[in-house]
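Notes follow the structure.
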Amino acid sequence: MIASEIISDSVPSVKSTDPVGLAVDWMNEFKLAQLVVVDQGRYKGLVTEDDLLDADELTTLVGELKHKYAGWDSAYILENHHIYDAITLMSEFNLELVPVLDEAGMYQGVITLRDLMQQLSKLFAMREPGGILVLEIPRHSYVLSEIGRIAESADSKVLSLYLSNIPDSTDLLLTLKLNVEDLTRVVSAFERFDYKIVRTYHRSSSPDDVRRNFDNLLKYLDI
């Protein structure tokens, strides 16, 4: 999935000639701590809540802020980049939105954290009914085809998976989302092949769990 497929046009941008008061109103309305600054279709950077608080007056222009856009000129992705690049950028700059540009450098829109979480929940089948199984596997023993075969031998299918490193260990954590909620047969199947079961749990649809899964994904992707 690439950035152009999930661009949002619901979040407004500001211009250098807009008053700080307008930016404050939009930040409050959209509950964001950053806004994109665009002049004549070109991305200039981001203005943050802290930048606005430094303004002497609400009538001060965005372009007159003392520390405007500092370090933000590289905080964007191109529309043909993968959404993993958006995750990396959000993690690196602690962003709530990521500006998206075309190849000519023209501003196209943003990807918000909410949009990204919704798409990742689809990509990793978080909303699909089923159970989650976490295995600890020696790095040299990880064979994807074998894992799929074992899961299918227990009448289940792998909907999604991701790997994470274990600190100070050569082993990996493999998280499997399966299409069955009763994992009894699946656990038994993996145990027969001497796989170490770390934990199992069912899908939860609460917003807190979706956000926690997103935070875990950042760690699993090492970003």
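The values are calculated or read from the model by the stated rules, or taken from the named source; none is laboratory data. Values in this document were obtained by computation on a predicted structure and should not be read as measured data. FYI the Cβ positions are ideal-geometry reconstructions off the backbone, even for glycines, and counts take in every protein chain you see. Surface areas here come from the heavy atoms of the whole protein model, side chains and all, with no ligands, DNA or RNA. Shrake-Rupley method; radii C 1.70, N 1.55, O 1.52, S 1.80 Å.
Ignoring chymotrypsin sites (Phe, Trp or Tyr not before Pro) that are buried or in helix or strand per DSSP, and keeping those with at most 14 other beta carbon atoms within 10 Å, what is the longest stretch of the chain between them?
Numbers: sites that count: TYR142, PHE193.
It works out to 1-141.
Holding the Cα-Cα limit at 21 Å, pick out from LYS122/LYS177; LYS31/LYS122; LYS122/LYS196; LYS122/LYS157 the pairs that are longer than that.
On the way: LYS122/LYS177 12 Å; LYS31/LYS122 24 Å; LYS122/LYS196 28 Å; LYS122/LYS157 16 Å.
In this structure, LYS31/LYS122; LYS122/LYS196 exceed 21 Å between Cα atoms.
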- Note on the structure: Listed by chain and number, the residues whose amide H is under 5 Å from that of SER160, excluding neighbours fewer than 5 places away on the same chain and using placed H, are LYS177
- Task: Tell me the GluC sites (Glu not before Pro) within region 81-157 that lie in a loop according to DSSP and have at most 12 other beta-carbon atoms within 10 Å.
- Result: GLU103
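Excluding ligands, DNA and RNA, what is the solvent-accessible area per residue of region 1-123 at a probe of 1.4 Å, expressed in Å²?
On the way: 6290 Å² over 123 residues.
Result: 51 Å² of accessible area for each residue.
Using only alpha carbon pairs under 8 Å that are at least six residues apart, calculate the relative contact order of the chain and give it in whole percent. Walk me through the numbers on the way to the answer.
Values: 382 pairs, mean separation 40.2, N = 223.
It comes to 18 percent, rounded to a whole number.
Leaving ligands, DNA and RNA out of it, rank MET27, MET1 by accessible area with a 1.4 Å probe, largest first.
Details: MET27 10, MET1 70 Å².
Final ranking, largest accessible area leading: MET1, MET27.
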- Query: Roughly how many percent of the accessible protein surface of region 78-124 is carbon and sulfur, given a 1.4 Å probe and a whole-percent answer?
  - Reply: 46
- Query: In nm, to one decimal, how far is the modelled label at ILE166 from the one at MET117, with both set 7 Å along Cα→Cβ?
  - Reply: 3.0
- Query: Which ³J(HN,Hα) values in Hz, rounded to whole numbers, follow from the phi angles of region 25-39 under the Karplus curve 6.51 cos²θ - 1.76 cosθ + 1.60, where θ = phi - 60° and Gly and Pro get x?
  - Reply: 4, 5, 4, 5, 5, 9, 6, 10, 9, 9, 9, 7, 9, 10, 10
- What angle do you read, to the nearest 10 degrees and between 0 and 90, between the alpha-carbon axis of helix 207-220 and the longest principal axis of the chain? 80
- Using modelled backbone amide H atoms (1.01 Å from N, in-plane), which distant-in-sequence or interchain residues come within less than 5 Å of GLY45's amide H? VAL37
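Can you say what percent of the DSSP beta bridges in the chain, counting only those with both residues inside, are antiparallel? Round to 5. Before the final figure, lay out each step's value.
Details: 36 of 39 bridges.
Looking only at bridges with both residues in the chain, the antiparallel portion is about 90 percent.
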